[in-house]
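Here is the structure we will look at, set down as structure tokens.
The values are calculated or read from the model by the stated rules, or taken from the named source; none is laboratory data. This is a predicted model, so every value here is computed, not measured. Every residue, glycine as well, gets a Cβ built from its backbone with ideal geometry; the counts of neighbours run over all protein chains shown. In case anyone asks, the SASA skips ligands and DNA or RNA and just uses the protein heavy atoms, side chains included. Shrake-Rupley method; radii C 1.70, N 1.55, O 1.52, S 1.80 Å.
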Amino acid sequence: MHKRRVYSLCLRMVSNVGEAEDLAQEVFMQLFRKLSTFRGESAFSTWLHRLAVNVVLMHLRKKGLNEISLDEDFDDDTQDLPRKEYGAVDLNLSGAVDRAALEKAIRELPKGYRTIFVLHDVEGYEHNEIAALIGCSIGNSKSQLHKARLKLRDSLQGRRAKAEKKTS
Amino acid sequence: MNGLPANCTEVQRRISECLDGGEPPDEERRLKKHLDECWECSRVYEDLKSIKETAAELDAPEPPDTLWSSVRLQLVQQGLVRDRKPTLWERVFPRGFASSLKPAFVGAILALFVIGIAYYVRDSRKDLPPSTESAVLLEVQRAESHYQKAINALDAVSQKRLQSLSPELAQIFTDNLATMDYYLKECQDAARKNPDNPLVHQYLLVAYEKKAELMQTIVNSDSQ
């Protein structure tokens, strides 16, 4: 139960099986060391999950999380709008997002986008929690999430277009 | 720019906020009205909504089997546990320790406990002589029966006590009882699969003991 959730968080945030295993190990090592600091004020799973997020974020910081800066402002007009290709096939995704394709598209997201998308949409953190964890503003977290979703949409549409080309 | 009418540009920037319920009600109504009328924007909205909903339902992948053996190795290497299986639990569960703890903490300790059960115990059978082994098993079975009786006796009283506690405290106790039941079941399954392994039965005993202690804690709790 806990091991699976911790490992899956690590894997989704780093997109690398070996790294994810190392991080999950580190989480459980820290769990062992820090168990005495658990006060019972929150559910154990919440506490452990927060510990795991912190371990992963620390790791990403060391590796340079800000390949996409989390401090970028909203001036870039094109990044937070969907791309529009006139004459393109209609590739509406509605109601038909394939889980495996989405997993792959998440893996291919730039680290900064991926971190916020995974924390918000997969793990269920709120923007204020993400802002506190990552050390950015709430507005920034919202903007990054929106851009991440648009990137995923592009990526999924691209996959679908390729698949349709193959079949036709 | 994106080639969209100014209004669409503004709406599409705010679609995620609208999806996440971050817009004020008036603004949300205005956005929804636009979405009803604009096919292009509603398509983006529906796509992002599908992505958000699918992401929330993604399955958690199973970790590799080597994960726990690596954790254990590191614990041993760092001197946090000695390389003798029961010692981990002796350290985590010193005598009389859990009775003074908050209930959620006991649940936390049991989480570690199950990690041990599921992943280390299987291969950790001690080479006891057959006679010693059966004597240990007999003792363990007696103790199991003792704890089962104690738990049965405490069950009705603790349930009644829970009803008189504050909802928050009762919820914490209920959650931790559920966690313990889950771990107890894991231990029982492990014992069923390894009936001759005294170590598995010892861990099962610890699970019974912790559950009985938690129930006793509930019974002794103040209703304030």
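Here are a few things to note about the model shown:
- Of the residues making up the range B:92-102, at least one is open to solvent by 50 Å² or more (accessible area, probe 1.4 Å), at pLDDT below 75 and in a helix (DSSP H, G or I).
- Screening B:GLU57, B:GLU23, B:GLU46, B:GLU28 for residues that are open to solvent by 40 Å² or more (accessible area, probe 1.4 Å), over 32 Å from the mean Cα position of the chain (by Cα) and more than 7 Å from every other protein chain (Cβ to nearest Cβ) leaves exactly one candidate, B:GLU28.
- Contact map, the range B:5-28: first residue farther than 17 Å from A:ALA148 by Cα, second residue outside any helix (DSSP H, G or I) and of a type in the set (D, E, K, R), Cβ cut-off under 7 Å, separation 6 or more or different chains; pairs are B:GLU23/B:ARG14.
- Considering the range A:143-168, the residues that are open to solvent by 60 Å² or more (accessible area, probe 1.4 Å) and outside any loop (DSSP other than H, G, I, E, B) include one that is modelled with the highest pLDDT, namely A:LYS151.
- The residue that is surrounded by the most Cβ atoms within 10 Å (Cβ to Cβ), among those in the range A:15-45 that are out of contact with any helix residue (DSSP H, G or I) (no Cβ under 8 Å at 6 or more places or on another chain) and modelled with pLDDT of 85 or more, is A:ASP22.
- If the condition is being touching a helix residue (DSSP H, G or I) at 6+ places or on another chain (Cβ under 7 Å), surrounded by fewer than 21 Cβ atoms within 10 Å (Cβ to Cβ) and touching a residue at least 40 places away in the same chain (Cβ under 8 Å), then the range A:126-139 contributes only A:LEU133.
- Residue within the range A:88-106 that is in contact with a helix residue (DSSP H, G or I) (Cβ under 6 Å, 6 or more places away or on another chain), at pLDDT below 80 and more than 7 Å from chain B (Cβ to nearest Cβ) present: yes
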